[in-house]
1. Considering only residues that are farther than 24 Å from residue 193 by Cβ and in a loop (DSSP other than H, G, I, E, B), which ones fall in the range 209-251?
2. Given the conditions (1) out of contact with any helix residue (DSSP H, G or I) (no Cβ under 8 Å at 6 or more places or on another chain); (2) part of a helix (DSSP H, G or I); (3) over 17 Å from residue 226 (Cβ atoms), report the number of the one that residue 170 does not fulfil.
3. Does the range 321-328 include one or more residues that are over 25 Å from residue 103 (Cβ atoms), assigned to a helix (DSSP H, G or I) and not assigned by TED's automatic domain parsing to the domain that holds residue 84?
4. Answer with yes or no whether residue 274 is closer than 14 Å to residue 354 by Cβ and either modelled with pLDDT of 95 or more or not assigned by TED's automatic domain parsing to the domain that holds residue 107 (or both).
5. If only one of 336, 356 is over 17 Å from the mean Cα position of the chain (by Cα), in contact (Cβ under 8 Å) with a residue 12 or more places away in the chain, over 12 Å from residue 384 (Cβ atoms) and surrounded by fewer than 15 Cβ atoms within 10 Å (Cβ to Cβ), which one is it?
6. In the range 390-414, what count of residues is obtained for those that are farther than 17 Å from residue 435 by Cβ, touching a residue at least 12 places away in the same chain (Cβ under 8 Å) and surrounded by fewer than 16 Cβ atoms within 10 Å (Cβ to Cβ)?
7. List the number of the failed condition for residue 63; all other conditions in (1) modelled with pLDDT under 95; (2) surrounded by fewer than 18 Cβ atoms within 10 Å (Cβ to Cβ); (3) in a loop (DSSP other than H, G, I, E, B) hold.
8. Among the residues of the range 109-120, are any modelled with pLDDT of 95 or more, in the same structural domain as residue 61 (by TED's automatic domain parsing), surrounded by fewer than 21 Cβ atoms within 10 Å (Cβ to Cβ) and on the phi > 0 side of the Ramachandran plot?
């Protein structure tokens with residue numbers, strides 16, 4: 001179990017300051033404690049009985065409270081929760097906001113306050129942080145009549161009362177502004193807070209608003225109004241207990257308060273990026289090389305941080321479940337190292353700079369185990385090095401062979417994995433960077449044929465015993 005973040009003195013809210021990530025976290029907890037919220041310790045990143053390999057959202061450990069299955073320790077709660085989520089790992093590095101692992105700052109009302117106070121508290125804290133209210137946009141649930149879910153007029157009204165102009169309140173649909181667990185369980189409409197980072201980071205379209213894929217609007221906080229139970233058949237029924245779950249992305253808030261160009265430029269990642277740049281052997285020549293190198297660095301430091309947190313949670317690389325997630329992250333980062341000309345194991349060297357930058361976000365005993373985790377990561381990287389070298393050479397030949405067609409037969413990737421051990425997903429990523437797609441249907445046919453042969457062979461061996 002992680003330690004709780006303590007109280008800290010802060011400067012007057014009107015004074016301009018550059019907040020460290022640690023200070024942002026401490027201020028968050030302090031703010032809500034002063035307003036009657038009980039601070040609870042974040043759940044371990046790995047909980048054996050969870051349906052997911054890692055905790056993937058701040059609300060996940062609190063669902064029993066929200067459903068009324070377990071009495072909560074208090075009606076108002078606040079905590080800092082580590083999360084690790086790989087559902088969009090392929091997007092990491094392609095923009096300045098996606099991370100595999102992150103810290104979620106959360107405050108909850110379990111059957112207590114609703115939209116009005118949640119919105120008021122959010123705006124009050126953003127004022128303490130010094131966020132310019134004129135840069136703030138919000139999204140609300142636009143409704144889904146086909147499912148019997150109405151537009152969230154109450155949230156719209158509360159934002160108006162709080163002083164947010166009508167033109168900066170954006171209704172969006174189910175995918176953006178209705179939170180669920182991904183299946184049956186507690187759920188409800190949500191309202192997200194975005195900071196406008198300026199037109200220079202936008203796509204240039206007149207209709208660009210929060211929800212656009214460009215870098216202009218950065219979501220920093222999500223207020224979820226837990227009101228329904230979603231059932232197996234997809235229907236919804238009201239919950240007996242209406243609650244509020246909120247989640248502020250600590251690293252994203254640091255982007256705003258540190259005026260960082262991307263999430264990878266905040267204080268938590270800078271020391272590791274500096275060490276990585278020292279290790280690079282290939283320097284960018286300009287143009288596309290610069291963008292490609294920047295993308296590789298982002299993936300490396302992101303995956304290294306995720307590996308650090310997973311290792312501190314007791315996970316070791318392996319072939320199943322969360323162990324396979326860690327193995328894939330290490331191997332993906334190792335391949336990106338080749339893009340920067342790093343031929344030897346290097347990821348372990350980034351963990352100490354990462355740990356030092358995180359300071360009290362890691363417990364004292366965790367700081368004491370960083371070297372152990374670094375050795376584990378280095379050993380996994382070393383085991384994979386020969387496979388990676390041989391596999392990348394084979395991919396160069398495959399890319400040259402099918403470059404004119406732009407599509408590589410999937411059986412070639414299957415054979416590459418079967419004969420040399422290079423995972424097909426890593427091979428496909430490397431080919432995609434060369435503008436080549438993979439015919440996955442032929443990969444599946446080759447895999448099915450292999451399984452058929454294996455079953456027949458095993459049957460013959462069994463009959464001969």
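The values are calculated or read from the model by the stated rules, or taken from the named source; none is laboratory data. Please read these numbers as outputs of a predicted model, since none were measured by experiment. Positions of Cβ are generated from backbone atoms using ideal geometry, with glycine treated the same way; all protein chains shown enter the neighbour counts.
1. 231, 232, 233, 234, 235
2. Failed condition: (2).
3. No, that holds for no residue.
4. Numbers: closer than 14 Å to residue 354 by Cβ: yes; either modelled with pLDDT of 95 or more or not assigned by TED's automatic domain parsing to the domain that holds residue 107 (or both): yes.
It is true that residue 274 is closer than 14 Å to residue 354 by Cβ and either modelled with pLDDT of 95 or more or not assigned by TED's automatic domain parsing to the domain that holds residue 107 (or both).
5. Being over 17 Å from the mean Cα position of the chain (by Cα), in contact (Cβ under 8 Å) with a residue 12 or more places away in the chain, over 12 Å from residue 384 (Cβ atoms) and surrounded by fewer than 15 Cβ atoms within 10 Å (Cβ to Cβ) holds for just one of 336, 356, which is 356.
6. Total meeting the criteria: 1.
7. The one condition residue 63 does not meet is (3).
8. No, the range 109-120 contains no residue that is modelled with pLDDT of 95 or more, in the same structural domain as residue 61 (by TED's automatic domain parsing), surrounded by fewer than 21 Cβ atoms within 10 Å (Cβ to Cβ) and on the phi > 0 side of the Ramachandran plot.
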